[in-house]
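So the structure is just underneath, and the comments pick up after that.
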Amino acid sequence: MNVSVIRQSTRSRVVSTAEIQRASEALLRALKLPRAELSVVLCDDATIHALNRDYRRKDKPTDVLAFALREGPGGHLAGDLLGDVIISLDTATRQAQERGIAPRDEVRMLLTHGLLHLLGWDHRNDAEDKRMRAETDRLLAILARSERSADAKKTATKKTAAKKTATKKTPAKKTAAKKTAAKKTATKKTAAKKTAAKKTAAKKTAAKKTAARRTTA
């Protein structure tokens with residue numbers, strides 16, 4: 001699969017391009033579209049407002065737009081090219097606040113919704129809306145499991161790395177401790193030799209003094 005995620009005219013950092021890249025790839029795997037090509041644009045309200053006005057005749061910003069390459073004249077020639085999903089991070093953030101959820105969760109929902117539109121799903125009536133919502137929920141559940149699995153692997157990798165680091169540090173600490181102990185032992189031996197030398201010198205001096213006294217007597 002080939003997924004392109006870009007930012008356009010937005011400073012929002014409620015979600016990273018890397019997160020959307022991973023989420024898009026996970027969704028395509030769940031939909032069994034391993035060869036699909038998808039483009040995702042993360043933008044601001046002004047950008048999506050202009051697109052909404054020019055292509056849908058609606059002069060206002062919206063949350064997500066989907067431009068499907070498989071629809072319209074020549075759609076049968078698109079092959080694995082799905083099209084573009086445009087998401088306004090400004091609108092997504094506002095909607096997330098209104099719904100009491102994290103902005104990144106709202107963005108993932110909009111990504112899933114837009115992707116389904118590229119595949120021909122719609123919500124022109126209650127029946128279609130119900131089916132599309134059910135499929136969106138199914139895909140979001142798969143995405144959540146995929147992310148938990150990825151997080152678990154990261155945690156396990158970190159723990160393994162920490163154990164290896166600890167293992168490397170332990171021999172180093174033991175070596176350092178041995179060197180310190182050796183230095184202390186050497187210091188003690190040197191001190192003992194100096195003390196013994198002083199005692200020997202003192203005995204010799206005392207012996208000389210005693211000999212001198214005897215000679216004088």
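Odds and ends about this structure:
- Near Glu37, the amide H atoms lying under 5 Å from its own belong to Asn2, Leu81, Leu82; only residues 5 or more places off or on other chains count, and H is placed 1.01 Å from N.
- At a probe radius of 1.4 angstrom, the accessible area of segment 2-152 per residue rounds to 55 square angstrom.
- Taking the centroid of alpha carbons for each part, segment 1-44 and segment 84-145 are 13 Å apart.
- Protein heavy-atom surface of segment 110-153, 1.4 angstrom probe: 50% of the accessible area is carbon and sulfur, with nucleic acids and ligands not counted.
- Residue ranges 22-29, 96-103, 58-65 sort as 22-29, 58-65, 96-103 when ordered by packing (mean number of other C-beta atoms within 10 Å per residue, highest first).
- Electrostatic tally near Gln21: other residues with Cβ closer than 14 Å to its Cβ, Lys and Arg +1, Asp and Glu -1, net +1.
The values are calculated or read from the model by the stated rules, or taken from the named source; none is laboratory data. No experiment lies behind these values; they were computed from the predicted model shown. We place every Cβ from the backbone using ideal geometry, glycine too, and count neighbours over all the protein chains shown. Just the protein is used for accessible areas: all its heavy atoms, side chains included, with ligands, DNA and RNA removed. Shrake-Rupley method; radii C 1.70, N 1.55, O 1.52, S 1.80 Å.
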